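Please read the structure below before turning to the comments.
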Amino acid sequence: MIIDVQPNRQAATHAAARFIAHQLRIKPDSVLGLATGRTMEPVYAQLVELYRSSQLDFSRCRTFNLDEYVGLGANDRNSYRHYMDHHLFFKVNVDSKRTHVPDGLARDLDAECAKYEQLIQQSGGIDLQLLGIGNNGHIGFNEPGSTFDSRTCVKKLSLTTRQQNASHFADSGKMPDRAITTGIGTIMESRQCLLLATGADKAAIIAEALEGRLTTMVPATVLRSHPACTCIIDASAASQLRFPDGSRVSRAA
Ligand code: GLP
């Protein structure tokens, strides 16, 4: 794993956007795995800026989002489809038919999961998977205890996740308690992963994820065994690492 510590949130999010832009420039038909959450908002804003200022071309790429709340559709402002449409897809030249987010309104959720998994395979697999991290170490919505070989499935959200994400909902009681998420096995098959974390509230979990014991109870620890994972963090998120020495680059697993 390469760990890139940037001085602040802006530098970290710009570095992540440049990483994604580089992938699109070297392979315009890349299959991108995308993530949601507050951390990613400035990354998408920066990609939109690169599209406007440097003609960054999204027309040939295909995207797969990590997850979606069960019960929320595109018109619900808390759905991840809505998030993606408004933060990125409506603002760049991506073909909407090539953007995929699990269907949280599917009648048969298991069939939707199997279909999503199959579609990723049929598209040739994910070239670059962008990942945030939950306060409990989840990636996607793979909560603590998820097996490292899991595939796209429905997950019950943990109390920690519900507390972390409830603030996005005007009425926190309306937050779904389940989500569809691509599995850890699915994520680990991506050719490259990019984990981004910013802010002091991520410092404890980043220390556990990068330096703690490899365990399914902290799902993000699995990324240390990925052959090509880069972790970009700002100084605040790096503040509880045992070796917070500036732009450290470590290839240790
Ligand atoms: C949600 C998403 C995760 C994301 C996490 C981080 O739980 N399912 O994929 O990593 O949010 O959120 P934030 O960036 O808001 O801290």
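Looking at Leu105, Leu109, just one residue is closer than 24 Å to Thr63 by Cα and either in contact (Cβ under 8 Å) with a residue 40 or more places away in the chain or of a type in the set (S, T, N, Q) (or both), and that residue is Leu109.
Considered as a group, the residues in segment 76-135 that are of a type in the set (Asp, Glu) and surrounded by 15 or more Cβ atoms within 10 Å (Cβ to Cβ) include one that is nearest to Glu49 (Cα to Cα), and that residue is Asp85.
What do you reckon, is Gly33 on the phi > 0 side of the Ramachandran plot and in contact (Cβ under 8 Å) with a residue 40 or more places away in the chain? Against the criterion (on the phi > 0 side of the Ramachandran plot and in contact (Cβ under 8 Å) with a residue 40 or more places away in the chain), Gly33 does not qualify.
Looking across Phe19, Phe64, one residue alone is touching a residue at least 12 places away in the same chain (Cβ under 8 Å), buried (at least 22 other Cβ atoms within 10 Å of the Cβ) and of a type in the set (A, V, I, L, M, F, W, C). It is Phe64. With a requirement of 1 or more residues that are touching a Ser or Thr at 6+ places or on another chain (Cβ under 7 Å) and away from the ligand (no atom under 16 Å from the Cβ), the strands (runs of 3 or more DSSP E) lying completely within segment 1-106 that satisfy it span 2-6, 31-34, 62-65.
When Arg162 is tested against (1) over 14 Å from Gly137 (Cα atoms); (2) within 11 Å of the ligand (Cβ to nearest atom); (3) not hydrophobic (A, V, I, L, M, F, W, C), exactly one condition is not met: (1). Looking across segment 124-137 at every residue that is within 20 Å of Ile232 (Cα to Cα) and in a loop (DSSP other than H, G, I, E, B), the one that is farthest from the ligand (Cβ to nearest atom) is identified as Asp127. Residues of segment 185-202 include at least one that is more than 22 Å from Leu34 (Cα to Cα) and among the hydrophobic types (A, V, I, L, M, F, W, C).
Contact map, segment 187-200: first residue more than 10 Å from the ligand (Cβ to nearest atom), second residue of a type in the set (D, E, K, R), Cβ cut-off under 9 Å, separation 6 or more or different chains; pairs are Met188/Asp149; Ser190/Asp127; Arg191/Asp127; Gln192/Asp127.
Taking segment 201-233 as the range and being buried (at least 20 other Cβ atoms within 10 Å of the Cβ) and under 14 Å from Asp4 (Cα atoms) as the test, the residues that pass are Ile206, Leu210, Cys229, Thr230, Cys231, Ile232, Ile233.
So, in segment 23-72, exactly how many residues are in contact with an Asp or Glu (Cβ under 9 Å, 6 or more places away or on another chain) and of a type in the set (Ser, Thr, Tyr)? Residues that pass the stated criteria total 5. Inspection of segment 149-161 finds a residue satisfying the criterion of being touching a strand residue (DSSP E or B) at 6+ places or on another chain (Cβ under 6 Å) and surrounded by fewer than 20 Cβ atoms within 10 Å (Cβ to Cβ).
Throughout, read-outs are computed from the coordinates displayed, never taken from laboratory work. What you are looking at is a predicted structure, and each value in this text was computed from that prediction instead of being measured. Note: ideal-geometry Cβ built from the backbone for every residue, glycine included; neighbour counts use all protein chains shown.
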